[in-house]
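The values are calculated or read from the model by the stated rules, or taken from the named source; none is laboratory data. The shown structure was predicted, so the numbers you read here are calculated from the model rather than taken from an experiment. In this analysis, Cβ positions are derived from the backbone assuming ideal geometry, glycine residues included, and neighbour counts consider all displayed protein chains. Areas reflect the complete protein model, heavy atoms only, side chains present, ligands, DNA and RNA absent. Shrake-Rupley method; radii C 1.70, N 1.55, O 1.52, S 1.80 Å.
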Amino acid sequence: MEKISKSAKLYLALVFIVLYAPILYLIFYSFNSGDAMNNFESFTWEHYADVFSDTRLIMILINTVIVALLSALLATIIGVFGSIGIVYMRNKSIRNSILSLNNVLIVSPDVVIGASFLILFTMVGVKLGFASVLMSHIAFSIPIVVLMVLPKLQEMNSSLIDAAADLGATRRDIFTRVIIPFIKPGIFAGFFMALTYSLDDFAVTFFVTGNGFSTLSVEIYSMARTGVTLTINALSGIIFFVTLILVVGYYFISQRGKNPAGMGGRK
Amino acid sequence: MQTKSTKSLYLVPYYAWIALFVIAPIALVTYYSFFDINGHFTIENYKNFFTSVYLTLTISSFWYAFLITLFSLIIAYPTAYWLTKTKHKQLWLLLIIIPSWINLLLKTYAFIGIFGLYGPINAFLNVFGIGGKQILFTDFSFIFVSVYIFIPFMILPIFNALDKLNPSFIDASRDLGASSWATFTKVIFPLTINGVKAGIQAVFIPSLSLFMITRLIAGNKVITLGTAIEQQFLVTQNWGMGSTIAVFLIIFMVIIMIITGQRDKGATSHGKNK
């Protein structure tokens, strides 16, 4: 394979610099003792202390994380059962139409999802707030989970299940000891993707959030329009490092996840 | 068979989800698009959509989405190409993904500072004697920030396509005397077209419906279909007109899906964590 040239390296470096510049810019000014994102005065931890003393902000942060974890968990459960159902579907045309319906929410623009969910919740009479936000996040995460789990299930050799059944495994055993371990990497991937989508979502949440409830994205949006303090910068610093830890953690889990699956195949 | 009935019991939540959150919303949006602001049945909204205001809006929305997609592609393709040539390419790819894990709003907010009148870009321009410029609230800043936001989603499917490419094709093309450019245009690009299509889908459709970047970065000067929907739903409270625009957005979406063809199964979302 050819070596990459100097100019290619330079190009990649440039892309990386641009990708990280805004994040580093935010973090840099989170240490500014001045009160704006220009004129770095002197170093301070003050804004980080502010984050932890701002109970409202902490509550919003907790809300965001709870919605993300809960919606990812529930979406994963529903999605895993859904994909198992799809895989064992005999009728090809029904299966294909289910799959296309599955993908509708992935390709739909966020604004359309948000607006249509707003109509739905209002019609059904769900109060806008935690419940509506949670349900929306579950709803748009399910298809992602299905897309991550399905290939794993299709990879699985059905003789594994036959063998287990021949050896006297109950259906429950087959499910918990054969299917689930085999598709575990897909389940993890789906869960983390759902988590990311939920944490990152703004448009859908913005539509269905109502007055009393807010997630981080919605909060930053309203703050950014009215004027923001450097507390948000400090918060993004914290989020960046938590994300880094999560990504590294995810990387190792997925690396580790590769081995058991491979071994399972050989056993 | 007992197995069968239990199996379908597990599927109940999934089917309920499809009925409630996939089919019902589309049906409701379509239904609402036939009502005016006072709740009377009408096709006025559809007539309205074809007035100059909304047509201009649609055309400009498409134009911006086209530009955003084009620039994303121009930047992403070489990036993905050279990334596949690096050692530890998976690690580098992960580093491309990390910024997309940072909240969208935070990154957008950072650009308000960077492009601001007292921001680093203007300071830089001042040093070179060009003088301060109003960068924020222009088309340039809008497209730049949008491309910035979408670029990982363009890089990933293209990276995956390039990564799957069998290198012996390239060797063969070289052996047969093709120049690097010919190899690229005749071999590499056609074989990775599915990645490109997936990338275009992942960028073009969301670009049509952007609304928070238009508000924060473009200062309401750029209005997209997304902005219009948000406006109708949350500000004007005219759900009928908002739904009508949403119906058109859905139609455009379907058209784009057909044009860009059957994609590699889930290429877009798969890419994200590979």
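Using the structure shown, decide if residue B:228 is within 13 Å of chain A (Cβ to nearest Cβ) and either outside any loop (DSSP other than H, G, I, E, B) or at pLDDT 85 or above (or both).
yes
Please go through region A:217-230 and pick out each residue that is in contact (Cβ under 8 Å) with a residue 12 or more places away in the chain and surrounded by fewer than 19 Cβ atoms within 10 Å (Cβ to Cβ).
A:229
Determine whether region B:237-253 contains at least one residue that is closer than 20 Å to residue B:29 by Cβ, in a helix (DSSP H, G or I), in contact with a strand residue (DSSP E or B) (Cβ under 6 Å, 6 or more places away or on another chain) and not aliphatic (A, V, I, L, M).
Taking every residue of region B:237-253 in turn, at least one turns out to be closer than 20 Å to residue B:29 by Cβ, in a helix (DSSP H, G or I), in contact with a strand residue (DSSP E or B) (Cβ under 6 Å, 6 or more places away or on another chain) and not aliphatic (A, V, I, L, M).
Of the conditions (1) touching a Leu at 6+ places or on another chain (Cβ under 9 Å); (2) among the charged types (D, E, K, R); (3) surrounded by fewer than 17 Cβ atoms within 10 Å (Cβ to Cβ), residue A:162 satisfies every one except a single condition; which number is it?
So residue A:162 meets the others, but not (1).
On the basis of being open to solvent by 10 Å² or more (accessible area, probe 1.4 Å), more than 21 Å from the chain's Cα centre (by Cα) and closer than 30 Å to residue B:243 by Cβ, does residue A:126 make the cut?
yes
What about residue A:197, is it in contact (Cβ under 8 Å) with a residue 40 or more places away in the chain, of a type in the set (Ser, Thr, Tyr) and either within 11 Å of another protein chain (Cβ to nearest Cβ) or at positive phi (or both)?
It is true that residue A:197 is in contact (Cβ under 8 Å) with a residue 40 or more places away in the chain, of a type in the set (Ser, Thr, Tyr) and either within 11 Å of another protein chain (Cβ to nearest Cβ) or at positive phi (or both).
Which residue is farthest from the chain's Cα centre (by Cα), if the candidates are limited to region B:22-36 and must be over 10 Å from residue A:119 (Cα atoms), open to solvent by less than 60 Å² (accessible area, probe 1.4 Å) and among the β-branched types (Val, Ile, Thr)?
B:30
In region B:143-189, what residues are polar (S, T, N, Q), part of a helix (DSSP H, G or I) and open to solvent by 70 Å² or more (accessible area, probe 1.4 Å)?
B:180
Would you point out the residue of region B:70-118, among those that are open to solvent by 40 Å² or more (accessible area, probe 1.4 Å) and charged (D, E, K, R), that is nearest to the chain's Cα centre (by Cα)?
B:89
Just need a number here: residues in region B:81-115 that are more than 7 Å from every other protein chain (Cβ to nearest Cβ) and in a loop (DSSP other than H, G, I, E, B).
Going through region B:81-115 one residue at a time, the tally reaches 2.
Scan region A:129-158 residue by residue and report those that are open to solvent by 20 Å² or more (accessible area, probe 1.4 Å), of a type in the set (A, V, I, L, M) and either touching a strand residue (DSSP E or B) at 6+ places or on another chain (Cβ under 6 Å) or within 10 Å of chain B (Cβ to nearest Cβ) (or both).
If the condition is that a residue be open to solvent by 20 Å² or more (accessible area, probe 1.4 Å), of a type in the set (A, V, I, L, M) and either touching a strand residue (DSSP E or B) at 6+ places or on another chain (Cβ under 6 Å) or within 10 Å of chain B (Cβ to nearest Cβ) (or both), then A:135, A:138 are the ones that fit.
Of everything in region A:99-115, what is part of a loop (DSSP other than H, G, I, E, B) and either within 19 Å of residue A:79 (Cβ to Cβ) or open to solvent by 10 Å² or more (accessible area, probe 1.4 Å) (or both)? Give them in sequence order.
Result: A:108, single match.
Within region B:219-235, which residues are out of contact with any helix residue (DSSP H, G or I) (no Cβ under 7 Å at 6 or more places or on another chain) and in contact (Cβ under 8 Å) with a residue 60 or more places away in the chain?
Answer for region B:219-235, where residues must be out of contact with any helix residue (DSSP H, G or I) (no Cβ under 7 Å at 6 or more places or on another chain) and in contact (Cβ under 8 Å) with a residue 60 or more places away in the chain: B:219, B:221.
When only residues in region A:26-39 that are buried (at least 20 other Cβ atoms within 10 Å of the Cβ) and under 17 Å from residue B:117 (Cβ atoms) count, which is farthest from the other protein chains (Cβ to nearest Cβ)?
Result: A:29.
Checking the structure you have, find out if any residue of region A:55-66 is more than 14 Å from every other protein chain (Cβ to nearest Cβ), of a type in the set (D, E, K, R), out of contact with any Leu (no Cβ under 8 Å at 6 or more places or on another chain) and open to solvent by 30 Å² or more (accessible area, probe 1.4 Å).
yes
Condition (residue is small (Gly, Ala, Ser), within 14 Å of chain A (Cβ to nearest Cβ) and open to solvent by 50 Å² or more (accessible area, probe 1.4 Å)) applied to region B:199-218: is it met by at least one residue?
Checking region B:199-218: not a single residue is small (Gly, Ala, Ser), within 14 Å of chain A (Cβ to nearest Cβ) and open to solvent by 50 Å² or more (accessible area, probe 1.4 Å).
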